[in-house]
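Notes to accompany the following structure.
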Amino acid sequence: MNKKKLIIGIAAVMVVAGGAWFFTGKSTKGGIRLETTKVGRSSISNTVTATGTVEPVTEVEVGTQVSGIIDKLYADYNDVVKTGQLIAEMDKVNLKAELASAQAQLASSKSEYEYQQKNYARNKVLFDKKLISDSDYETATYNYEKAKAAYEQNQASMVKVKRNLEYATITSPIDGVVINRAVEEGQTVAAGFETPTLFTIAADLTKMQVIADVDEADIGNVEDGQRVSFTVDAYPNDVFQGTVKQIRLGDSSSSSASTTTVVTYEVVITADNPDLKLKPRLTANVTIYTLERENVLTVPTKSLRFVPEEELLAGTGLTADNSAQEAPAGKRIIWVKEGQQLHPKVISVGSTSGNMIEVTEGLNEGEEIAVDLTSDAPAPVMEAAEKSPFMPDPPGSKKKK
């Protein structure tokens, strides 16, 4: 019976003590622990992310410079074409009629020119012998010059008409694949201020490029030749590789795109496409590796901010030499643990990536360095705030009457 009362008493004391701790937020002071790590080798990298569009390296829009009706089409989507291959023909009836008319005008002007040339030659001989008046000679000269100009004009018109007839026969300018056809047979096209596009031909789909829009805050870190990886939604499990080929410069009206708050610059990334998975106009999620350092000595960036405070170190049983030592210009201080002592070392640092930084001088692989001082004490619980009368009670609780 006495044993049972003793157990109940101990439990009651624990409940009271726990309640007092819960409502007052008081706890016993925990121990101080030194967090350390070994100097090792690793790889560090920095990246820039962007979005872009997959495009062929060489893409040509094939159009026509004459207006008319599309008579025949000899190429369709995805057809492979060669340079000079016939891909479309326009109706040539009107163009041939214009050619015949131009030929007739040229023949007429040639006859007139030859006649006036002979007439001018005769009148010049007579004028030199003072056998005709100045007025007659001037009239002969005028008619000759006029016939000559008309003949030359018709010659130029003939060149233009022949060229227009040639434009009615449309051939491929490059070896490639037809990726777009914008017309149908029987459709009328009008060549006015803009040349109408009939086909779009990509030169080689095994070589593609990504045009990525990089933010102005990141463009300073991007350089030609940097490695790039990217994904497309069509193949979410595939990671494609590329290389930065060109950073296009210019203002917001040319190669860079500008809004009221954001300026982006176009970065051209080349990528191999041997299996033809990458298709024109796919959206790419791009990662550009602006920094890559392999197998270098690294330490946590946090270790460079470590300061050995004597009062806190006293709780760990450790001591620090020259705790007030300052780093020379361009150098950093790091603390090396040897036994129960911390010794300062002056180091030189290089590239940084996230929470790791490269050490170029002053440390050896395997050395143990101090990173931070941490406490093992539990976080105190805040005292219960005054409860609002409008807040509901927790489930199972009862309001006081």
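The values are calculated or read from the model by the stated rules, or taken from the named source; none is laboratory data. Keep in mind that this is a model prediction, so the values were computed, not measured. A quick note on method: Cβ atoms are made from the backbone with ideal geometry, for glycine too, and the neighbour counts reach across all protein chains shown. Calculation scope for accessible area: heavy atoms of the full protein, side chains included, ligands and nucleic acids excluded. Shrake-Rupley method; radii C 1.70, N 1.55, O 1.52, S 1.80 Å.
Between residue 343 and residue 118, the distance separating the two model label sites (each 7 Å from Cα on the Cα→Cβ line) works out to 11.7 nm. Average accessible surface for the range 86-149: 67 Å² per residue, computed with a 1.4 Å probe over protein heavy atoms with every protein chain in place.
With 0.36 nm allotted per residue and the present C-alpha distance subtracted, the residue 207-residue 262 stretch has 16.7 nm of extension available. The length gained by stretching the chain between residue 285 and residue 322 to full extension, at 0.36 nm per residue less their Cα-Cα distance, is 8.3 nm. Just to verify a number: what accessible area does residue 127 come out at with the full protein assembly present, 1.4 Å probe, Å² rounded to tens? My reading of the accessible area for residue 127 is about 50 Å².
Of the heavy-atom accessible surface of the range 182-246 (probe 1.4 angstrom), what whole percent is carbon and sulfur?
On the way: 1600 of 3560 Å².
Carbon plus sulfur share of accessible area: 45 percent.
I'd like to check one number: the per residue accessible area of the range 208-334, probe 1.4 Å, reported in Å² as a whole number.
Details: 7180 Å² over 127 residues.
About 57 Å² of surface per residue is accessible.
As a calculated quantity, the FRET efficiency between residue 86 and residue 152 at R0 = 30 Å, using C-beta atoms, amounts to about 0.30.
How high is the FRET efficiency between residue 125 and residue 191 when r is their beta carbon distance and R₀ equals 56 Å, given to the nearest 0.05? Write out the running numbers ahead of the final one.
Details: r = 51 Å, r/R0 = 0.91.
My answer for the efficiency is 0.65.
The slack between residue 368 and residue 97, meaning 0.36 nm per residue of separation minus the straight C-alpha distance, is 88.2 nm.
Calculation over all alpha carbon pairs of the range 99-244 in 10 angstrom steps from 0 returns a P(r) of 8, 17, 16, 14, 12, 10, 10, 7, 4, 1 percent.
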